[in-house]
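What follows is one structure encoded as structure tokens, with my remarks underneath.
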Ligand code: PLP
């Protein structure tokens, strides 16, 4: 049985070139990049080159890139760090459809006395600048709204949202974990102050990511210790991971348009076949969407049973968010878009990737047809 992987929003396969680029830094050039002897020179240089490559991919300056352990750490750092900066309990503003890395960071800050506003999206899963303008409190220190949603794929109008935040004197952070390497991301055009990214979502290694921090924007260290990362993020650098991340991102950005086109063709074919086979569904989210991320709800069905039956047929997909796969509760995102419970319970997430083929699409529709009609 051929295995079909359609859960690329959960994680992606490591790019072969990125993998090769990582090896020397583990086996031969294993010197600590902070060392001051000659054996550390090359790892140090490799870090600088990786910083330059990553910065160029998002139109940032190299000194604006801070390496972290991934999206979760970047989100925690941006939100908790900014909120704590002034010593006063200024408000945090975020949305109801954020990843738990943002939501739980905000909930923690709320538990220690910081006011938090959770903005509701439209029923299509979009946070509009008008909704933000209405709800942002005067004392906000940070507004955090994701660039692309991991469950339903909606791309948010981040540039306009950042303008609202700035007009209220707040800094703007975006969780771009699902977007970087998949859609064009330019931090200057977006006008964001901070942006989180994670390598394993764009064919890089797991456990490594970065936070973009615009020059001149204040952020206290999140991890205390050594002087790495300009004194802001202590800990011996994961040179192999960082180099692998930079190569994976460069490769993805260079083939972004080709990948988007290929995935777009698969997505159109998939939707066409669903309709031709009279499989009743609703698709969640609208407006601008991430390529290949398809959230489908089947009325009266159970998403988890669909997942298990697809799994038996060799197809790996997700119900709501993979990070939440042990939970049988309805996802907070589907609740936030006010999807009726009978649909929400029967929701699956398909996230196509560049390695998927038209044969995969045919097999997925065939499997869904069997499961939904039974
Ligand atoms: N933010 C979003 C939108 C995500 O989809 C994820 C992972 O699923 C994360 C943050 C967490 O990233 P990481 O797995 O690198 O900690």
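Laboratory data are not the source of any read-out in this text; all were calculated from the coordinates shown. Note that the coordinates shown come from a computational prediction; the quantities given were computed from them, not determined experimentally. All Cβ positions, glycine included, derive from the backbone under ideal geometry; neighbour counts span all protein chains shown.
Using per-residue counts of other Cβ atoms within 10 Å, averaged over each peptide, order 216-226, 291-301 from highest down. Please report the intermediate quantities before stating the final value.
Numbers: 216-226: 13.9, 291-301: 20.5.
Output ranking for 216-226, 291-301: 291-301, 216-226.
Can you pull the Rg over Rh of the stretch 228-291, Cα-only, Kirkwood?
Details: Rg = 19.7 Å, Rh = 15.7 Å.
Ratio of gyration radius to Kirkwood radius: 1.25.
Extension gain for the segment residue 1 to residue 188, taken as residue separation times 0.36 nm less the Cα-Cα distance, is 62.6 nm to one decimal. FRET efficiency for the residue 166 to residue 227 pair, using the beta carbon distance and R₀ = 35 Å, is estimated at 0.65. Overall size of the stretch 247-374 from C-alpha positions, given as principal axis extents largest first: 42, 30, 28 Å. Measuring nothing but alpha carbons in the stretch 1-89 and taking Rh as the Kirkwood radius, the Rg to Rh ratio lands at 1.08.
Treating each Cα of the stretch 47-112 as an identical point scatterer and ignoring solvent, apply the Debye formula and state log10 I(q)/I(0) at q = 0.18, 0.22 Å⁻¹. Here the Debye-derived log intensity ratios amount to -0.77, -0.93. Taking 0.36 nm per residue of separation and subtracting the Cα-Cα distance, full extension of the segment from residue 329 to residue 124 would add 71.7 nm.
Across q = 0.22 Å⁻¹, the stretch 167-305 modelled as identical point scatterers on its alpha-carbon atoms has Debye log10 I(q)/I(0) values of -1.38, in the order of the q list.
Given R₀ = 30 Å, what would the calculated FRET efficiency be for residue 283 paired with residue 218, taking r from the Cβ atoms and rounding to 0.05?
Details: r = 42 Å, r/R0 = 1.39.
Computed FRET efficiency for residue 283 and residue 218: 0.10.
Cβ crowding within 10 Å, taken as a proxy for footprinting-reagent exposure, orders 57, 28 from fewest neighbours to most as 28, 57.
Compared with the dominant Cα axis of the chain, that is its longest principal axis, helix 100-111 is turned about 60°.
Treating r as the C-beta distance of residue 139 and residue 302 and R0 as 45 Å, the FRET efficiency rounds to 0.55. The DSSP beta bridges internal to the chain are antiparallel in roughly 50% of cases. Here the label points at residue 45 and residue 236, each 7 Å from Cα along the C-beta direction, are separated by 2.2 nm in the simple model. In degrees from 0 to 90, rounded to the nearest 10, what is the angle of the helix 358-373 Cα long axis to the longest principal axis of the chain? Helix 358-373 sits roughly 60 degrees off the main axis of the chain.
The C-alpha atoms of the chain define a longest principal axis, and helix 71-85 lies at about 60 degrees to it. Cα-based values for the chain, radius of gyration first and Dmax second, are 21.0, 68 Å.
Give me the extension gain from residue 159 to residue 369: residue separation times 0.36 nm, minus the current Cα-Cα distance, reported in nm with one decimal.
Working: separation 210, 0.36 × 210 = 75.60 nm, distance 4.03 nm.
Once the chain is fully extended between residue 159 and residue 369, it gains 71.6 nm.
With the highest mean first, a sort of the peptides 43-52, 68-77 on other beta-carbon atoms found within 10 angstrom per residue produces 68-77, 43-52. Look at the alpha carbon pairs under 8 Å that are at least 6 residues apart: their mean separation over the length of the stretch 163-214 gives a relative contact order of 32 percent.
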